[in-house]
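J.: Following this message is one structure expressed as structure tokens.
Coordinate-derived values only; no laboratory data. All values reported here derive from a predicted model rather than from experimental measurement. Neighbour counts are summed over all protein chains in view; Cβ atoms, including those assigned to glycine, are modelled from backbone coordinates with ideal geometry.
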Amino acid sequence: MIENIPLQNLLVVDIETVPATSDFSELDDHWKYLWGKKSKSLSRNDESPEDLYDRAGIYAEFGKVICISAGVFVPAAMSGSSEDHYGMRVKSFYSHDEKALLSDFCDMMSMHFSSPTKILCGHNAKEFDFPYLSRRILINNLKLPALLNTPGKKPWEVNHLDTMELWKFGDYKSFTSLELLAALFGIPTPKDDIDGSMVKSVYYEENDLERIRVYCEKDVITLANLLLRLKGLPVMESEHIEIVQS
């Protein structure tokens with residue numbers, strides 16, 4: 001399948017999320033009760049809801065999006081690279097105001113990625129990024145972009161590509177991380193500063209959204225390079241990657 005997909009039709013996406021509040025104690029009584037019910041299914045060693053609250057960010061009902069990084073492949077001639085190489089433009093939407101960043105992302109999607117030929121791509125994104133984004137967009141009373149408006153569609157009508165699914169080749173036994181696949185294919189790892197387990201503390205304790213943005217963009221670039229390797233193409237050179245500033 002991937003051999004027949006024009007890379008220029010892809011929007012490569014990664015998101016970063018955190019719990020809705022910095023600490024369980026900041027929730028009101030009703031939300032403490034709701035998280036308490038949810039956390040019962042997560043507890044393995046009699047952990048309390050407070051102990052498990054760091055995991056709230058992975059659930060759209062209890063978390064929020066703080067950064068979306070999106071990349072598009074640039075044809076060889078436009079990126080200044082040779083014929084069998086690609087470049088990429090990467091733009092991030094990040095803010096403490098979740099509705100504002102989601103609104104900006106949806107506007108970009110509606111303007112440039114509403115065509116039926118466009119494809120949304122991520123790693124483990126069918127399980128996490130795409131449903132999470134869709135839920136948070138609706139929670140914030142925004143309109144779903146066409147590529148995320150999937151309810152009622154047949155599987156072959158959903159233009160989503162997931163590199164983890166591509167790597168499974170029908171094997172559903174285990175999760176394979178982007179970091180592991182990057183190591184396997186000799187792609188520079190994005191985990192040279194922070195990793196996903198540190199995002200909450202970097203956000204709430206250090207208040208460093210810029211650091212999270214850079215981390216998220218590195219994931220998008222790594223994911224794009226993984227796609228190139230899966231297609232048997234060379235990885236991108238750093239000079240052919242453009243970070244688009246807001």
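J.: HN-Hα J couplings of segment 43-56 from phi, Karplus 6.51/-1.76/1.60, θ = phi - 60°, integer Hz, Gly and Pro as x?
T.: 6, 10, 10, 6, 5, 7, x, 5, 4, 8, 5, 4, 8, 4
J.: Can you pull the one-decimal nm distance between simple spin-label points at Asp193 and Lys143, each 7 Å off the Cα toward Cβ?
T.: Placing both labels 7 Å beyond Cα along the Cβ direction yields 3.6 nm.
J.: Could you rank the peptides 5-13, 105-113 by their average count of other C-beta atoms within 10 Å per residue, with the highest value first? Write out the running numbers ahead of the final one.
T.: Details: 5-13: 18.7, 105-113: 16.7.
Sorting 5-13, 105-113 by mean packing, highest first, produces 5-13, 105-113.
J.: Expressed as an acute angle from 0 to 90° and rounded to the nearest 10, what is the orientation of the C-alpha long axis of helix 29-40 relative to the principal long axis of the chain?
T.: Taking the Cα atoms of the chain, the angle to 29-40 is about 70 degrees.
J.: Then there's this: Cut-off is 10 Å between beta-carbons; in what order do Val220, Val72 appear when sorted fewest neighbours first? Show your work: numbers first, answer last.
T.: Working: Val220 26, Val72 20.
Going from sparsest to densest Cβ surroundings: Val72, Val220.
J.: Give me the percent relative contact order of the chain, please, defined on Cα pairs under 8 angstrom at least 6 residues apart. If you can, show how the numbers build up before the last one.
T.: Working: 366 pairs, mean separation 66.7, N = 246.
Once divided by the residue count of the chain, the mean separation gives 27 percent.
J.: While we're on this one: Which value, in debye to the nearest 20, describes the size of the charge dipole of the chain about its Cα centre when Lys and Arg Cβ atoms bear +1, Asp and Glu Cβ atoms bear -1, and nothing else is charged? Kindly include the intermediate steps, with their values, before the conclusion.
T.: Values: 26 positive and 38 negative charges, 211 e Å.
About 1020 debye.
J.: Give me the base-10 log of I(q)/I(0) for segment 111-228 at each q in 0.10, 0.16 Å⁻¹, Debye formula, one uniform scatterer per Cα, rounded to two decimals.
T.: -0.37, -0.95
J.: Got a sec to turn the phi values of segment 11-16 into Karplus ³J(HN,Hα) couplings, 6.51 cos²θ - 1.76 cosθ + 1.60 with θ = phi - 60°, whole Hz, x for Gly and Pro?
T.: Result, rounded to whole Hz: 10, 8, 10, 9, 10, 10.
J.: Principal axis lengths of segment 1-123 from Cα atoms, whole Å, largest first?
T.: 57, 31, 26
J.: With point charges of +1 on the Cβ of Lys and Arg and -1 on the Cβ of Asp and Glu, referenced to the Cα centre of segment 156-246, which listed residue (Ser174, Ala224, Ile212) lies farthest in the positive direction of the dipole?
T.: Ser174
J.: What's the extension gain from Leu166 to Asp97 if we count 0.36 nm per residue and subtract their Cα-Cα distance? Can you show the working numbers first?
T.: Working: separation 69, 0.36 × 69 = 24.84 nm, distance 3.40 nm.
The span from Leu166 to Asp97 would gain 21.4 nm if fully extended.
J.: If amide hydrogens are placed 1.01 Å from N in the peptide plane, which non-local residues have theirs closer than 5 Å to the one on Val74?
T.: Sorted by chain and number, the residues that satisfy this are Gly87, Met88, Arg89.
J.: Grab the beta carbon distance between Ser114 and Arg135, set R0 = 25 Å, and tell me the FRET efficiency rounded to 0.05.
T.: On the way: r = 20 Å, r/R0 = 0.82.
So the FRET efficiency works out to roughly 0.75.
J.: While we're here: Roughly what percent of Cα-Cα pairs across the chain reach past 27 Å?
T.: Working: 11339 of 30135 pairs.
Within the chain, distances greater than 27 Å cover 38 percent of Cα pairs.
J.: Follow-up. How would Ile2, Ile187 line up from fewest to most surrounding beta-carbon atoms within 10 angstrom? Display every interim value, and only then the final one.
T.: On the way: Ile2 13, Ile187 21.
In order of increasing Cβ crowding within 10 Å: Ile2, Ile187.
J.: With runs of 4+ DSSP H residues as the only contributors, calculate the mean residue ellipticity of the chain at 222 nm using -39,500 (n - 2.57) per run, divided by the residue total and rounded to the nearest 500. Could you put the intermediate results ahead of the total?
T.: Numbers: 9 runs with 87 residues, N = 246.
About -10500 deg cm²/dmol.
J.: Expressed as a whole percent, how much of the Cα-Cα distance distribution for segment 21-61 exceeds 17 Å? Display every interim value, and only then the final one.
T.: Values: 144 of 820 pairs.
Summing the P(r) tail past 17 Å for segment 21-61 gives 18 percent.
J.: What number comes out for the charge environment of Pro155, summing +1 per Lys or Arg and -1 per Asp or Glu over other residues with Cβ under 15 Å away?
T.: Working: positive: Lys126, Lys153, Lys154; negative: Glu127, Glu157, Asp162, Glu165.
My count for the surroundings of Pro155 gives -1.
J.: Apply the Karplus parameterisation 6.51 cos²θ - 1.76 cosθ + 1.60, with θ equal to phi minus 60°, to every residue of segment 156-169 and state each ³J(HN,Hα) to the nearest whole Hz, in sequence, with x for glycine and proline.
T.: 3J(HN,Hα) across segment 156-169, in whole Hz: 7, 9, 8, 8, 10, 10, 10, 5, 5, 5, 4, 6, 5, 6.
J.: Let me ask something additional. Sort 40-50, 122-132 for me by packing, meaning the mean count of neighbouring Cβ atoms within 10 Å per residue, highest on top.
T.: Working: 40-50: 10.6, 122-132: 20.1.
Final packing ranking: 122-132, 40-50.
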